[in-house]
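Structure, as structure tokens:
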Amino acid sequence: MGKGYGGRHCSKRDRNQYWHNVVNKAGGFDHRVVCTDLSEDLIFLVEMEKIDQLKKLGVKLVNLTDGGEGRSGLKHSNHTKHLISQKRKGKSHKHTPESIEKIRQANTGVVFSEERKQKIGQKAIGRKMPEHVKENLRLVMKSFKQSEETKEHLRQVNIGRKHTPEALLKMSAWQIDRPKLTCPHCNRASSAGNASRWHFDNCKLKGAK
């Protein structure tokens, strides 16, 4: 018993394992549409009412919740979480080349609305990257080298490109707020990138004292 749209009522996709166990044991399933073209709030009320009625009649349902919220009301026990974790360990969840190509084609030309951009931006505020991820990215970027063809393409793209005054102000403010590192050999303060490239172990004044 549940709310859905399109062909959800006759589909086996995105069902819980208990649902599949019951259906496989029964040798299949049938479906019946109770109502259509109602608001979501009203549909949820109908779902809750029908689940309650069927349970009181002694009907054994595969619903994991009492309805009215989809899977958002479902909470796994610690034991279930542990079983799921153990089951997934050692398994590869990488996409096949065919899946990657399908995803690429599906996302080609997709343009986010301003509202969606705002939601993504708000969700990312305050999010911090774990240290081990930072270290992995640093190692990857350290060994990354662009081909001469890519360098030439980037050069051609940026010829004549000018930043807007607003963009220049943002870049300036970002540079000012960046943390500075002071070289122990020449006592010059600079950004982390310039400090690692020109100072510390690479400082020309290292060992001069």
Residue, farthest from Ser196 (Cα to Cα), within the range 123-132, restricted to residues that are at pLDDT below 85 and assigned to a helix (DSSP H, G or I): Lys123
Counting only residues in the range 128-183 that are closer than 29 Å to Asp201 by Cα and of a type in the set (S, T, N, Q), the one surrounded by the fewest Cβ atoms within 10 Å (Cβ to Cβ) is identified as Ser143
Do we find a residue being aliphatic (A, V, I, L, M), within 21 Å of Arg138 (Cα to Cα), touching a His at 6+ places or on another chain (Cβ under 9 Å) and not in a loop (DSSP other than H, G, I, E, B) anywhere in the range 178-189? yes
List every residue pair whose Cβ atoms lie under 9 Å apart, where the two residues are 6 or more positions apart in sequence or sit on different chains, the first residue falls within the range 15-44 and is within 18 Å of Val62 (Cβ to Cβ), and the second residue, located anywhere, is acidic (Asp, Glu) and assigned to a helix (DSSP H, G or I). Val34/Glu47
Report whether or not Gly109 is surrounded by fewer than 10 Cβ atoms within 10 Å (Cβ to Cβ) and either more than 30 Å from the chain's Cα centre (by Cα) or part of a loop (DSSP other than H, G, I, E, B) (or both). yes
Filter the range 190-209 down to the residues that are outside any helix (DSSP H, G or I) and either under 32 Å from the mean Cα position of the chain (by Cα) or of a type outside the set (Lys, Arg) (or both), then identify the one that is farthest from Lys142 (Cα to Cα). Ala208
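The values are calculated or read from the model by the stated rules, or taken from the named source; none is laboratory data. None of the values given here were measured: they were computed from a predicted structure. Here Cβ is always computed from backbone atoms with ideal geometry, including for glycine, and neighbour counts include all displayed protein chains.
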